[in-house]
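Notes follow the structure.
Only the coordinates and a few stated rules stand behind these numbers; no lab work does. All values reported here derive from a predicted model rather than from experimental measurement. All Cβ positions, even for glycine, are placed from backbone atoms using ideal geometry, and neighbour counts span all protein chains on display.
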Amino acid sequence: MDILTPANNTSLGAGWFPLETYRAESFRWVTNDAEIYVAALRNIKHYLNLHLEPGPGLDLKPFELLVKEGDETLARTTVKGRQMVSISLPASEPAVRKLVLHVDGGGKRAPNDSRLLNFRVFKVTFVPSPVDILPPDLDAKLGSGWYPLESFNGETFRWAGVDSKITIAGPNGTSGLLLELEPGPGVNSKPFVLRVLNEGGTQISEHEIKARQVVSIPLSGPGSLTFHAEGGGKQIGSDKRIMNFRVFQNSPDFKAPEKQPAIV
């Protein structure tokens with residue numbers, strides 16, 4: 001078994017020594033500028049995870065690892081010993097990307113080995129960032145009022161508490177924010193009215209949430225949105241959270257409702 005995780009959309013390029021095994025562990029040594037090809041299939045953040053450690057070429061001491069793409073340095077991290085490092089890679093259009101693992105310095109020869117062994121890598125994985133409730137291509141972030149992302153019965157979602165907020169930095173040409181919502185125990189799991197307010201407190205849209213459904217929130221520019229569940233705020237049992245409604249993990253299959261909500 002090589003250092004790549006099967007079905008992980010990765011392959012090795014130049015700069016790697018052959019796979020070897022010692023004391024039941026498999027790894028590859030690197031002199032410098034080892035290439036990894038990764039297939040980013042969606043325009044979202046990805047993580048390059050590397051299990052590695054310094055080698056004799058670096059006196060077995062901590063070193064700075066640079067991850068480069070062409071002439072650009074995407075990330076840098078300090079490797080202090082044998083460890084797992086996770087490097088965040090910015091979103092890009094779907095493509096096969098060539099990443100290069102680079103170190104400055106090193107190059108000392110190991111005793112009784114003609115190779116230059118700066119570091120060795122035990123495992124490489126390349127994974128997309130978990131998809132949250134917001135579209136990954138929208139320049140936006142969650143504010144207060146949201147509970148952590150969780151999964152249940154094979155579905156991923158966030159519960160919304162009192163007056164949950166979303167900050168829109170740039171609509172990126174999108175006129176509406178699509179969210180899949182469902183009433184929660186905070187509204188007795190019954191139909192409720194969702195009011196969306198801008199940062200000045202003015203209502204920009206109103207939606208009757210009868211069951212699990214997709215709503216389209218109009219966007220006109222940057223700013224903060226507040227989501228208010230009319231009649232919400234109830235607690236259930238021993239759970240102290242107020243879960244007015246939940247918003248499901250964003251999906252490219254979302255479709256805007258046929259009847260657009262009226263802007264008040």
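One table, with the values for the structure above:
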| read-out | value |
| --- | --- |
| Viscosity 0.692 mPa s, 37 °C: Kirkwood-radius Stokes-Einstein D of segment 56-194 over Cα pairs, µm²/s | 166 µm²/s |
| Under 5 Å, built H, 5+ apart or other chain: amide partners of Lys45 | Ala91, Ser129 |
| Inter-centroid distance (Cα atoms) of segment 201-236 relative to segment 41-85, Å | 42 Å |
| The chain, relative contact order [Cα under 8 Å, separation at least 6], % | 17 percent |
| Percentage of interatomic Cα-Cα distances in segment 139-248 larger than 16 Å | 57 percent |
| Unit charges at the beta carbon, dipole of the chain: most positive-side option, Leu134, Pro218, Val30 | Val30 |
| Given charges at beta-carbon only (K, R positive; D, E negative), |dipole| of the chain in Debye | 560 debye |
| Highest average packing first - 80-90, 155-165, Cβ atoms within 10 Å | 155-165, 80-90 |
| For segment 87-145 versus segment 169-200, the gap between their alpha-carbon centres in whole angstrom | 35 Å |
| Mean projected area in nm² (Cα convex hull; one quarter of hull surface) for segment 73-128 | 5.4 nm² |
| Cα-based convex hull volume of segment 1-84 per residue, rounded to whole Å³ | 116 Å³ |
| Residue exposure sequence - Asp239, Asp139 - by fewest surrounding Cβ within 10 Å | Asp239, Asp139 |
| Of Lys141/Lys190; Lys80/Lys123; Lys45/Lys240, pairs whose Cα-Cα distance is over 25 Å | Lys141/Lys190; Lys45/Lys240 |
| Interatomic Cα distance distribution for the chain, bins of 10 angstrom, percent | 6, 25, 23, 16, 16, 11, 3, 0 |
| Magnitude of the charge dipole, segment 10-128, Cβ model with Lys/Arg +1 and Asp/Glu -1, debye to 20 | 300 debye |
